[in-house]
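Single-structure report; data block below.
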Amino acid sequence: MEMENRKAEEWASQLQCWSLYLLNCFAYKERAINLICRQEFLKDLCQMWGGLVNHTSPAGVGLIRILCYHKTGRKSIAESREVVESLCNLSRSSDDWQYVGVDCLLLLLRDQDTRYKVMEIAILFLVDLVELRSLGGRSYVGEAITRTLLLDYNQTRSKLKNNKVVQRALEKYGFERCWLGEVEEAIVKYSEALELCPSRMRKERVVLYSNRAQCHLLLGDPDAVIRDATRALSLSTLQTLTAKASGEDHRLMT
C-alpha cells in the first residue's frame, strides 16, 4: 500500500509538472494570459512545487516569473498581496529558487504601473540583500537590487509639488488632532498623507509612519505600532543606502 501511495504521489506530481510546462508555453507566447492570471489560480501557483521526482523544477513560481515578463501578468500579480508576500518570502529563503523570487520582485519594481503597489512590502525584504554579490549563478545581484530600488530617486521635485503641499497640510492637521486627543482622526489624516506621499519621498514617509505608530501606541494597538515602526525603520535604512550611493558617485566623479 505504501508503495502504491508513493507511486500515485509521484504520478500526480509529474502530471502537475507537465501541466505547468504547458501553461509556461502559453504564457511565454502571451496566449490565454487573462485565464492564467485569475487571482485564485495565482494564489494556488505559490503552493505548487516540483515534489520528490521534480525537485529541479521551479514549478508554480517558474510560471509566475514568466508572467512577470508581461504587462498583464505583472498587473495581476501586483494586485494580489498574497502572491507578492509569497515572492518576498522566497526572496529571503535558502531555497534553490530564491533568485526567482528576487527576479519577480525586480520586474514588478521596474514597471512604473506596478512599482508603487509592491514597493512598501518588497523593500522590507530586498533592502537586506543589497550586499549580495551573486545568487543562482548570477553576478552583481546586490547592485541590480540597489539600482532598482533607487530608480526614481532623481525625479524632479516640480512634479511632486502639488501632492507635497496637500500631504504636508494633512500631516500638520494630523499632528494637531493628535495633540488635541483626537487620535483616531489623526491616524486617518496620516494615512491620507501617506497615500499622497510617493515612495521616493522617504524622509517624509519615515516621519508619517513614525507619527502614525505613536498614535497606535496611544490607542494600545501593539500590532499596528510594530507594523508602522518597522516600515519607518526600513525606509530609514534605504535612505542611508541612498546617501552612500550618492557619496560613491561623487567620489568617482572627482
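Every number in this text was worked out from the coordinates using simple rules, so none of it is lab data. If you're wondering where the values come from, they're calculated on a predicted model, not measured in any experiment. So basically every Cβ, Gly included, is an ideal-geometry build from the backbone, and we count neighbours across all protein chains shown.
Counting Lys and Arg as +1 and Asp and Glu as -1, each charge on the Cβ, what is the dipole of the stretch 13-149 about the Cα centre in debye, to the nearest 20?
Working: 16 positive and 15 negative charges, 85 e Å.
Dipole about the Cα centre, nearest 20: 400 debye.
Sort 105, 151 by Cβ crowding within 10 Å, fewest neighbours at the top.
Details: 105 26, 151 13.
Taking fewest neighbouring Cβ atoms as first place, the list is 151, 105.
Name the long-range amide H neighbours of residue 135: under 5 Å, sequence gap of 5 or more, or other chain; modelled H, no Pro or chain starts.
141
Going highest first, how would you order 218-228, 114-124 by mean Cβ packing within 10 Å? Could you put the intermediate results ahead of the total?
Working: 218-228: 13.8, 114-124: 19.3.
Top to bottom by mean Cβ count within 10 Å: 114-124, 218-228.
At R0 = 35 Å, how high is the FRET efficiency between residue 168 and residue 71 if r is their beta carbon distance? Nearest 0.05 is fine.
On the way: r = 34 Å, r/R0 = 0.98.
E between residue 168 and residue 71, to the nearest 0.05, is 0.55.
Roughly how compact is the stretch 13-149, stated as its Cα Rg over 2.2 N^0.38 Å to two decimals? Please list the in-between numbers first.
Working: Rg = 14.3 Å, N = 137, 2.2 N^0.38 = 14.3 Å.
Scaled against compact globular proteins, the figure is 1.00.
Excluding residue 83 itself, calculate the net charge of residues whose Cβ lies under 13 Å from the Cβ of residue 83, where each Lys or Arg counts +1 and each Asp or Glu counts -1.
Values: positive: 38, 43, 65, 74, 75, 81, 117; negative: 40, 44, 79, 82, 85.
Summing Lys/Arg as +1 and Asp/Glu as -1 gives +2.
Using a Förster radius of 22 Å, what is the FRET efficiency between residue 134 and residue 82 based on their Cβ-Cβ separation? Nearest 0.05, please.
Details: r = 30 Å, r/R0 = 1.35.
Computed FRET efficiency for residue 134 and residue 82: 0.15.
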